[in-house]
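Input: a single structure, listed below in structure tokens.
The values are calculated or read from the model by the stated rules, or taken from the named source; none is laboratory data. Because the structure is predicted, anything quoted here is derived from the model rather than measured. Every residue, glycine as well, gets a Cβ built from its backbone with ideal geometry; the counts of neighbours run over all protein chains shown. When the accessible area is computed, the model is the full protein with side chains, heavy atoms only, and any ligands, DNA or RNA have been set aside. Shrake-Rupley method; radii C 1.70, N 1.55, O 1.52, S 1.80 Å.
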Amino acid sequence: MTSIAAISPLTNRKAARPLPLSVFLQLQTLLKKSIFSRKLYDEISTKVLASSATVDTNLYFICYFTLLLSSVLNNKPKIRKFLREQRYNFMNLINKVTLLFGTDLKQSSNKSVKGLFEEPQVAELNEKEGAKEVPSNLAVHLKAISSYISDIRIFNRLTDSIKYMPWIIDEYSAFISPASAVPKLDRFVNLFQSINCLVLELLENAGWLTEHNWVGTNDNDYWCLETYVWCSRVWAAYVIIEILELIRRTPFSKWDKNWRILLFKQAIQIPLVVHWSMYEGCLSPFWVGVCGSGASWFDFKNLWGSIDLS
């Protein structure tokens with residue numbers, strides 16, 4: 001009589017090997033230094049959540065990065081099409097080079113190589129026949145998160161105009177001081193930039209208050225759009241001046257990595273300020289997400305990089 005064990009398919013399978021003890025010990029050590037560590041939460045509380053500035057550093061990156069992810073999920077067919085076109089163009093360029101040596105990659109017997117030369121239109125048709133594109137629910141949620149965080153950031157800046165006043169007063173005192181060793185042009189730019197920030201914040205505040213009907217005008221929608229657009233134009237002036245001053249005030253010998261990062265963070269905001277300065281805009285959500293994420297990434301990385309778990 002044949003036993004059940006003899007005919008059971010489970011007997012033909014190899015028993016799963018238990019994980020080595022060293023893996024469990026490493027995992028335990030990692031958990032003790034992370035989510036089970038009191039120091040982790042102390043570090044986050046003191047370095048990330050302690051001030052409105054550090055909180056905004058996090059929200060800045062998360063706001064634009066979630067918008068970028070949402071756009072990527074909503075535009076997967078377009079992104080795939082773009083990548084196929086670039087691959088097709090690149091492979092044709094490579095083939096032109098190999099033809100000079102007597103080799104035609106398009107005539108290769110290797111199916112993988114020949115597949116790289118598939119025309120983008122054909123690949124797109126094959127993809128559409130293979131599967132129907134389904135809208136991404138995750139993209140909807142990510143975009144909602146981005147929009148809500150953007151609203152929170154502006155709300156948290158409603159009192160920033162008060163914080164700018166000491167800066168303006170100090171810059172004005174330095175500007176009119178006859179004993180100051182700082183060149184007059186530098187002092188003027190510093191004063192102008194401080195006033196620029198105050199005007200920017202007041203316009204942004206007015207835009208937010210009219211948008212949410214905290215104040216009443218004869219046409220809140222009109223004044224909301226106008227104030228946001230002019231806020232962005234003032235912001236554009238600030239960014240452009242910052243870039244020019246970074247170049248003018250820094251000797252070429254000091255154009256090091258930190259200087260290049262500062263310049264990059266300002267320069268990548270130029271498409272954003274142009275976009276927000278126009279009534280209809282000029283960027284897709286994807287590029288808004290790219291520029292915003294790029295501008296906020298280094299501060300976000302440095303903030304979390306300062307967390308000490310040793």
For this session: Could you list the chymotrypsin sites (Phe, Trp or Tyr not before Pro) in the stretch 210-310 that lie in coil according to DSSP, counting only those with at most 11 other Cβ atoms within 10 Å of their Cβ?
Result: Trp214, Tyr279
For this session: Starting from the residue with the highest accessible area, list Asp56, Asp221 in decreasing order, probe 1.4 Å.
Result: Asp221, Asp56
Seminar exercise, completed: Phi-derived 3J(HN,Hα) across the stretch 147-153 with the Karplus relation (6.51, -1.76, 1.60, θ = phi - 60°), rounded Hz, x for Gly and Pro, is 5, 5, 5, 4, 5, 5, 4
Exercise. What percent does the relative contact order of the stretch 160-295 come to when contacts are Cα pairs within less than 8 Å and at least six residues apart?
Worked result: 19 percent
Exercise. Accessible area of Phe90, 1.4 Å probe, to the nearest 10 Å²?
Worked result: 120 Å²
For this session: On a C-alpha basis, how far is the centre of the stretch 261-310 from the centre of the stretch 68-98 in Å? Whole number, if you could?
Result: 24 Å
Problem set entry | Largest-first ordering by accessible area, 1.4 Å probe, given options Cys231, Cys282 | Cys282, Cys231
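Here is the link list: Lys143/Lys163; Lys39/Lys76; Lys143/Lys301; Lys33/Lys143; Lys81/Lys301. Which ones come out longer than 29 Å on Cα distance? Show your work: numbers first, answer last.
On the way: Lys143/Lys163 31 Å; Lys39/Lys76 41 Å; Lys143/Lys301 22 Å; Lys33/Lys143 33 Å; Lys81/Lys301 32 Å.
Distance filter (> 29 Å) returns Lys143/Lys163; Lys39/Lys76; Lys33/Lys143; Lys81/Lys301.
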